[in-house]
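Engineer: Below are the structure tokens for one structure; questions will follow.
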Amino acid sequence: MERVERCNILLFLLTLIMICNGAVASETNTPCDSLAISSADQRQHLADHLCYFAAPFGSVASNATHPDQLASLAHWQSADGHDLTFTHTLDTYWIQLKVHNPSENAGLWYLKLHYAPLDFVTFWATSGQEDRQIATGDQTPFGSRGINYRYYLLPILLESGQSKTITLKIQSAGALNVPLTLETTEHLIAESNELTLAHGIFYGAVLIFSVFNLLLFFSSGTIYYFYNAFYMVSTGLFLCAMGGFAYQYFWPNSPWFANAAIPLFEALGTLAMTLFGRSFLDINDKRSIAYWALNAIAGVSVVLLALVLVLPYSTTIIINTLFGLIAIGCLFMTGLVRWRQGYGPAKWYVLSWSMMVIGTCVYALAAFGFLADFVAQEILMQGAVGGQVLLLNYAIVQRWRLLNQKLLEVEYDVKHDLEKKVYERTAQLRDTMRDLERANRQLAELSTHDDLTGIHNRRFLDGMLPDICAEARRIGKSAAIVLLDADHFKKVNDSWGHPFGDLCLQRIAEILTRHVRRPRDVVARFGGEEFALVLPNTEEDGATNVASNILHDMAKTTIKTPDGGAISLTLSAGIAVLQTGESDAALFARADEALYRAKAKGRNRFEVATIDQDAEA
């Protein structure tokens, strides 16, 4: 009996020890206190209440699909008030936060994760029977986040006295930054508005400077303006992708590109800044090390662009970042060398890259998990890029001033030498100018007259017709144009050859010249067998009278053919009189349309163009 009692006592003690061990183990597994969510001070010190543990890649805990499956697997650690940042890893990270609402009123808060490039992020909010889950991340469409925001938001609604356990499961192929905050709706909106303003100013300034440089490139043809715009756009898109804006606004339904865009724009930025640096610093000497080094960097950048489409994100982001830092260092050193060589604009180039070197290094350390407070480093990076953009554009202005000064010096030297030569050769130039003037007059005469007929040609007609129409409109007078075409002229050439056709054209020109007598009237040949009369200060009656006389004279004129016969040619004519507000092109078109109607109605006649007929045609 005593033995039985002793055994019972022993069993009771063992059970008590196991219960205590379980309680201790339970406390060990969840070492973090619950956070009073209504307390602004506790929300500000959120990291004091965070617990986390890392599940090795491929382990049971990494494949768990619910926090309940972690009871015997998780070995929770306290964040101890530090931001959760983890360097490049394939492990799965579980994070837990217990919250309660001790106030008398219900409230809505948001748990915000301030880091966009994460592959998979799953939130659980559990309380009694309630179990809410949000599965999102860059490997899922942007709409999976539930709230249209570039970062990750989990709404937490707590009644008075209610408690919830918030669990996060994060998997990503790169470094992990898990900057968490608990914010009220008012604070979230206010902070979002402030950041929106700041980002809007930054990206707007980058866009404006890019467009300005593109306009300078198109107007001047200077290539480094294009490279500068290319660099600013690619850098802006890289920061836009890292900050989550690109996935939110540009390609929300393309998870693959949301991940590929970051190393892609990083490689583009490296290529652009290398091309700009080579052009801006005048690295053109093929014997210099800098020339071949920058060309090699540009070539490798192109290769890295192609590798983005082949290699996984976790590999390309490391390679592209390290190579980008190398490229920045090379450009910085090249700028220093050019500065020491006396190239003035290199000073501002070096100052701009000094800011970029510092900003890029800090930003890269934060992005890869070596520094905390990624949001602050993002703002620092934007400030560095903004300062660099300003200094680079100022350096461009200084380079332009330097080139302009050299141009003025060269212009002065050339002008001085030219004046000296002009002074020495004044007499020779006078004789040359006289000879040139005579030659120009002869050339003008030849260029405005038809070689075959001796009357004016199409060039003279095109230059004179607008002036006559403008004068008619200015003084309120009329003007008319008559277009004439030899009927069936192709048969003449086919029957008796082109020399006889040329004789016929000369005879037509003689008849036209005989009937157009006023000094300002113009007779011109503007096509093969096509002629034009321009009659200033002429109404419709006068133009039809001239056309009728010409057609009658032409029809009764006989021309001897090479075979001893004779033929008579006929003409068709179209007449148009300048209307109020009408252009010379419209006047010519109406006359041409009237000529077409004259030919269509049987030839050897003229037609007068009217507004109604032209509209109908």
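Engineer: Listed residues Thr558, Thr538; which is farther than 18 Å from Asp584 by Cβ and polar (S, T, N, Q)?
Structural biologist: On the way: Thr538 fails: farther than 18 Å from Asp584 by Cβ.
When all the criteria are applied, what remains is Thr558.
Engineer: Cβ-Cβ under 8 Å, sequence separation 6+ or interchain: first residue in region 174-195 and more than 30 Å from Pro312 (Cα to Cα), partner assigned to a strand (DSSP E or B) and hydroxyl-bearing (Ser, Thr, Tyr). Which pairs?
Structural biologist: Between residues of region 174-195 that are more than 30 Å from Pro312 (Cα to Cα) and residues that are assigned to a strand (DSSP E or B) and hydroxyl-bearing (Ser, Thr, Tyr), the close pairs are Leu182/Tyr110; Glu183/Tyr110; Thr184/Tyr110; Thr185/Tyr110; Leu188/Tyr110.
Engineer: So which residues in region 421-473 are among the basic types (Lys, Arg) and part of a helix (DSSP H, G or I)?
Structural biologist: Lys421, Arg430, Arg434, Arg438, Arg441, Arg458, Arg459, Arg473
Engineer: Can you go through Ile559, Ile508, Ile550 and tell me which one is over 60 Å from the mean Cα position of the chain (by Cα) and assigned to a strand (DSSP E or B)? Steps first, answer last, please.
Structural biologist: Numbers: Ile508 fails: assigned to a strand (DSSP E or B); Ile550 fails: assigned to a strand (DSSP E or B).
Ile559 is the lone residue from the list that is over 60 Å from the mean Cα position of the chain (by Cα) and assigned to a strand (DSSP E or B).
Engineer: Oh, and also: Please work out which residue is nearest to the chain's Cα centre (by Cα), limiting yourself to region 284-297 and to residues that are surrounded by fewer than 22 Cβ atoms within 10 Å (Cβ to Cβ) and among the aliphatic types (A, V, I, L, M). Please lay out each step first, then the result.
Structural biologist: To start, the set of residues in region 284-297 that are surrounded by fewer than 22 Cβ atoms within 10 Å (Cβ to Cβ) comprises 284-293, 295-296.
Cutting the leftovers down to among the aliphatic types (A, V, I, L, M) gives us 289-290, 293, 296.
Details: Ile289: 33, Ala290: 30, Ala293: 29, Ala296: 26 Å.
The qualifying residue nearest to the chain's Cα centre (by Cα) is Ala296.
Engineer: Right, another one. If you go through region 476-484 one residue at a time, do you hit one that is assigned by TED's automatic domain parsing to the domain that holds Ala524 and either of a type in the set (Asp, Glu) or under 46 Å from the mean Cα position of the chain (by Cα) (or both)?
Structural biologist: So far as region 476-484 goes, no, none of its residues is assigned by TED's automatic domain parsing to the domain that holds Ala524 and either of a type in the set (Asp, Glu) or under 46 Å from the mean Cα position of the chain (by Cα) (or both).
Engineer: Would you check which residues across region 436-459 are modelled with pLDDT under 75 and among the charged types (D, E, K, R) and list them?
Structural biologist: Arg441, Glu445
Engineer: OK, next. What's the total number of residues in region 240-255 that are among the small types (Gly, Ala, Ser) and over 16 Å from Gly143 (Cβ atoms)? Even if it seems obvious, please write down each step before you answer.
Structural biologist: Looking only at region 240-255, we keep the residues that are among the small types (Gly, Ala, Ser), and these are 241, 243-244, 246, 254.
Going one step further and asking which of them are over 16 Å from Gly143 (Cβ atoms), we end up with 241, 243.
Count: 2.
Engineer: Then there's this: If I ask for residues that are of a type in the set (A, V, I, L, M, F, W, C) and either at pLDDT 75 or above or within 26 Å of Lys347 (Cβ to Cβ) (or both), which ones from region 399-426 would you list?
Structural biologist: Taking region 399-426 as the starting set, the residues that turn out to be of a type in the set (A, V, I, L, M, F, W, C) are 400, 402-403, 407-408, 410, 414, 418, 422.
Passing the criteria: Trp400, Leu402, Leu403, Leu407, Leu408, Val410, Val414, Leu418.
Engineer: May I pose another question? Under 8 Å between Cβ atoms, which residue pairs at least 6 apart in sequence (or on different chains) link something in region 499-511 that is closer than 15 Å to Gly527 by Cβ and in the same structural domain as Val522 (by TED's automatic domain parsing) with a partner that is in a helix (DSSP H, G or I) and among the aromatic types (Phe, Trp, Tyr)?
Structural biologist: That search, which allows pairs on different chains as well, returns Gly501/Phe489; Cys504/Phe489.
Engineer: Going by the structure shown, is Asn440 outside the structural domain of Gly565 (by TED's automatic domain parsing), without any contact (Cβ under 8 Å) to a residue 12 or more places away in the chain, of a type outside the set (Phe, Trp, Tyr) and farther than 29 Å from Asn545 by Cβ?
Structural biologist: Working: outside the structural domain of Gly565 (by TED's automatic domain parsing): yes; without any contact (Cβ under 8 Å) to a residue 12 or more places away in the chain: yes; of a type outside the set (Phe, Trp, Tyr): yes; farther than 29 Å from Asn545 by Cβ: yes.
It is true that Asn440 is outside the structural domain of Gly565 (by TED's automatic domain parsing), without any contact (Cβ under 8 Å) to a residue 12 or more places away in the chain, of a type outside the set (Phe, Trp, Tyr) and farther than 29 Å from Asn545 by Cβ.
Engineer: Could we say that Gly329 is at pLDDT 85 or above and touching a Phe, Trp or Tyr at 6+ places or on another chain (Cβ under 6 Å) here? Can you show your working first?
Structural biologist: On the way: at pLDDT 85 or above: yes; touching a Phe, Trp or Tyr at 6+ places or on another chain (Cβ under 6 Å): no.
In short, no.
Engineer: On to the next question. For the condition in contact with a strand residue (DSSP E or B) (Cβ under 7 Å, 6 or more places away or on another chain) and not in a strand (DSSP E or B), what is the one hit in Ile166, Ile147?
Structural biologist: Values: Ile166 fails: not in a strand (DSSP E or B).
Exactly one residue qualifies, and that residue is Ile147.
Engineer: Being outside any helix (DSSP H, G or I), crowded, with 16+ Cβ neighbours inside 10 Å, assigned by TED's automatic domain parsing to the domain that holds Asp487 and of a type in the set (Gly, Ala, Ser) narrows it down to one residue among Ala594, Ala532; which is it?
Structural biologist: Details: Ala594 fails: outside any helix (DSSP H, G or I).
Of the residues listed, the single one that is outside any helix (DSSP H, G or I), crowded, with 16+ Cβ neighbours inside 10 Å, assigned by TED's automatic domain parsing to the domain that holds Asp487 and of a type in the set (Gly, Ala, Ser) is Ala532.
Engineer: Then there's this: Can you find, within region 62-94, the residue that is farthest from Arg43 (Cα to Cα) among those that are assigned to a loop (DSSP other than H, G, I, E, B) and of a type in the set (D, E, K, R)?
Structural biologist: Residues of region 62-94 that are assigned to a loop (DSSP other than H, G, I, E, B), as a first pass: 62-66, 71-76, 79-83, 87-91.
Then keep just the ones that are of a type in the set (D, E, K, R); that gives 80, 83, 91.
On the way: Asp80: 14, Asp83: 14, Asp91: 28 Å.
Once the filter is applied, the top-ranked residue is Asp91.
Engineer: Let me ask something else. So, in region 313-360, of the ones that are more than 28 Å from the chain's Cα centre (by Cα) and under 24 Å from Leu264 (Cβ atoms), which residue ends up surrounded by the most Cβ atoms within 10 Å (Cβ to Cβ)?
Structural biologist: Selected residue: Ser314.
Engineer: Moving on to the next point. Filter region 277-313 down to the residues that are aromatic (Phe, Trp, Tyr) and free of Cβ contacts under 8 Å to residues at least 60 places away in the same chain and list them by number. Show your work before the answer.
Structural biologist: First pass over region 277-313, keeping only residues aromatic (Phe, Trp, Tyr): 280, 291-292, 313.
Correct list: Tyr291, Trp292.
The values are calculated or read from the model by the stated rules, or taken from the named source; none is laboratory data. Bear in mind the structure is a predicted one, so any value in this text is a computation, not a measurement. Here the Cβ is made from the backbone with ideal geometry for all residues, glycine too, and neighbour counts use every protein chain on show.
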